[in-house]
2 protein chains.
Amino acid sequence: APGEVWLVGAGPGDPGLLTRRAASVLAAADLVLHDALPGRAVLRLVRPGATLLAVGKRKGHAPLSQAEIHAKLIEGARAGLRVVRLKGGDPFLFGRGGEEAAALAEAGIPWRVVPGVTAGLAAPAAAGIPVTHRGTARAVTFVTGHDAAGNLPDSIDWAALGRAGGTITAFMALTKLDEIALRLLAAGRPASTPVAVVAQASLPGQAVLRTTLGACTLDARRAGLPMPALVVIGEVAALAATLLPPAEPGPRRRQSA
Amino acid sequence: APGEVWLVGAGPGDPGLLTRRAASVLAAADLVLHDALPGRAVLRLVRPGATLLAVGKRKGHAPLSQAEIHAKLIEGARAGLRVVRLKGGDPFLFGRGGEEAAALAEAGIPWRVVPGVTAGLAAPAAAGIPVTHRGTARAVTFVTGHDAAGNLPDSIDWAALGRAGGTITAFMALTKLDEIALRLLAAGRPASTPVAVVAQASLPGQAVLRTTLGACTLDARRAGLPMPALVVIGEVAALAATLLPPAEPGPRRRQSA
């Protein structure tokens, strides 16, 4: 019988934020292709005896190309294996899950998807920030700071986005923060617009920088935050809230600036 | 010792899409205030002996006001109980979790948040739709069709949103679909823009309507889809993909139109 491929979201890193289905799929897997983001604590949930293959792209270092990942998934499924493609966050939000699903469908391989908790929600929450809030923001846009070539995606009209009026949550944006801030300032967002940068959300190295649109580029450079980091732009970033650390083993919080 | 309040996301309804932490918090709860959305399958995970209180707002019927919910949470925590506020999806995305956190913080009650899988990702995924896709959409905006008074939120500049260029995913938007479509058409989005309406995502009654921005109002009316429904607007809604039903007990898929 031909195998199948599960595209599985691992959530932001804390194994408590994995879904119950993701955990049961990992516990039954034969072959797991995983990114750099799902850390050791998540990988411990994989069935002992399963093959683990790190395919994650770290900066300037790509063990496997996207085409090679597709080939491995297809090959594993054709060998009758229960294959899991494990991704940080949600597989269909900046996860290239759509490309993998398309490649699998084209090859006639059955695939399924297990959505995950996105860092776009988990990172702000860990900093006590609701991405929407009555009277403050009735929309949130998740946007990436990187296109395939590592530039700000030019399919995004940043000026229009700046005027739309909701919270903006930017993924992989730390190195492009200057450009993003300039475009939003040019679109009329005030320099005083609150900004929060949440690094390594839900992980032991979690750090939060609270700043403004006008000051964020310099502040982020000074803070030297670890990656990955998520940038929250909008009035909600200033909502003061007292958040306790999670009760289960996990992140201790560090406050920068 | 004073108790504490956990603001917990239940995900889209399928109990497999609850996080592991949410499940362990429910298994230890003394008092659970839940919305209408987390269904029976999720509520079965609550500790036997815990008090369940349905506070959910169904159309035109609100057992408890928001202020009354705050009072119950505070009262429970002051009585030393482990209180869970269980919400569909994620507590900080259109969940009024921010208001509850603010009320708790003001009352000096410790609170924590457990982010959840949002229907904004799970519903499109269940229909085989990645909300972002290289070359197609590099951003997604989650927006609500309802403000506090039941109108389209006027803090959203729909024209700007229409021009920003990403996927638009509208919550609680079925009754406002005509107005949303008109505004986006007026902003220059073509009538041929693909639209998918996903009703009761991840639940046994799941149904998917595939239509266009020009035709969606009439098509949705004809299809008579059940609530809750999520509307996905943008090129990604047309990405053809073969999706299998989840292996665990759960949704059978019905295709409308």
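Within the range A:135-151, can one find any residue that is farther than 30 Å from B:Ala127 by Cβ and in contact with an Asp or Glu (Cβ under 6 Å, 6 or more places away or on another chain)?
Yes, the range A:135-151 contains a residue that is farther than 30 Å from B:Ala127 by Cβ and in contact with an Asp or Glu (Cβ under 6 Å, 6 or more places away or on another chain).
Name, by its number, the condition in (1) assigned to a loop (DSSP other than H, G, I, E, B); (2) in contact (Cβ under 8 Å) with a residue 24 or more places away in the chain; (3) open to solvent by 60 Å² or more (accessible area, probe 1.4 Å) that does not hold for B:Ser192.
(2)
Report every pair of residues separated by at least 6 positions or lying on different chains whose Cβ atoms are under 7 Å apart, first residue within the range A:5-21 and free of Cβ contacts under 8 Å to residues at least 24 places away in the same chain, second surrounded by fewer than 24 Cβ atoms within 10 Å (Cβ to Cβ).
Partner pairs satisfying both residue conditions: A:Arg20/B:Gly16; A:Arg20/B:Arg20; A:Arg20/B:Ala23.
Which residues, counting only those in the range B:1-27, are within 13 Å of B:Leu86 (Cα to Cα) and hydrophobic (A, V, I, L, M, F, W, C)?
Within the range B:1-27, B:Val5, B:Trp6, B:Leu7, B:Val8, B:Ala10, B:Leu18, B:Ala22, B:Ala23, B:Val25, B:Leu26, B:Ala27 meet the criteria.
So which of B:Gly16, B:Gly9 is facing chain A (nearest Cβ under 9 Å) and buried (at least 24 other Cβ atoms within 10 Å of the Cβ)? Even if it seems obvious, please write down each step before you answer.
Details: B:Gly16 fails: buried (at least 24 other Cβ atoms within 10 Å of the Cβ).
None of the others qualify; the one that does is B:Gly9.
Applying the selection to the range A:123-133, what residues are more than 7 Å from chain B (Cβ to nearest Cβ) and among the polar types (S, T, N, Q)?
Correct list: empty.
Restricting to the range B:120-143, give me the number of residues that are under 14 Å from the mean Cα position of the chain (by Cα) and of a type in the set (Lys, Arg).
Residues that pass the stated criteria total 0.
Residues are listed down the side, and each one gets a yes or a no for (1) modelled with pLDDT under 90; (2) more than 7 Å from chain A (Cβ to nearest Cβ); (3) under 20 Å from B:Val32 (Cβ atoms):
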position	(1), (2), (3)
B:Ala107	no, yes, yes
B:Gly116	no, no, yes
B:Gly145	yes, yes, no
B:Ala160	no, no, no
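Among the candidates B:Thr211, B:Thr136, B:Thr175, single out the residue that is at negative phi, within 13 Å of another protein chain (Cβ to nearest Cβ), open to solvent by 10 Å² or more (accessible area, probe 1.4 Å) and of a type in the set (Val, Ile, Thr).
Numbers: B:Thr211 fails: within 13 Å of another protein chain (Cβ to nearest Cβ); B:Thr175 fails: within 13 Å of another protein chain (Cβ to nearest Cβ).
The conditions single out B:Thr136.
Determine if the range B:61-76 includes at least one residue that is of a type in the set (D, E, K, R) and closer than 27 Å to A:Arg20 by Cβ. Give the derivation first.
Taking the range B:61-76 as the starting set, the residues that turn out to be of a type in the set (D, E, K, R) are B:68, B:72, B:75.
Adding the requirement that they be closer than 27 Å to A:Arg20 by Cβ leaves none.
No, every residue in the range B:61-76 fails to be of a type in the set (D, E, K, R) and closer than 27 Å to A:Arg20 by Cβ.
If you scan the range A:97-123, which residues turn out to be in contact with a Ser or Thr (Cβ under 7 Å, 6 or more places away or on another chain) and open to solvent by less than 10 Å² (accessible area, probe 1.4 Å)?
Residues of the range A:97-123 in contact with a Ser or Thr (Cβ under 7 Å, 6 or more places away or on another chain): A:105, A:114, A:116-117, A:120-122.
Of everything in the range A:97-123, those that are in contact with a Ser or Thr (Cβ under 7 Å, 6 or more places away or on another chain) and open to solvent by less than 10 Å² (accessible area, probe 1.4 Å) turn out to be A:Val114, A:Gly116, A:Val117, A:Gly120, A:Leu121, A:Ala122.
Report yes if some residue within the range A:41-59 is more than 20 Å from A:Ile109 (Cα to Cα), surrounded by 18 or more Cβ atoms within 10 Å (Cβ to Cβ) and within 14 Å of chain B (Cβ to nearest Cβ); otherwise report no.
yes
The values are calculated or read from the model by the stated rules, or taken from the named source; none is laboratory data. All of these numbers come straight from a predicted model, not from anything done at the bench. Backbone-built Cβ (ideal geometry, glycine too); neighbour counts: all protein chains shown. Remember, those area values only see protein heavy atoms, side chains included, never the ligands or the DNA or RNA. Shrake-Rupley method; radii C 1.70, N 1.55, O 1.52, S 1.80 Å.
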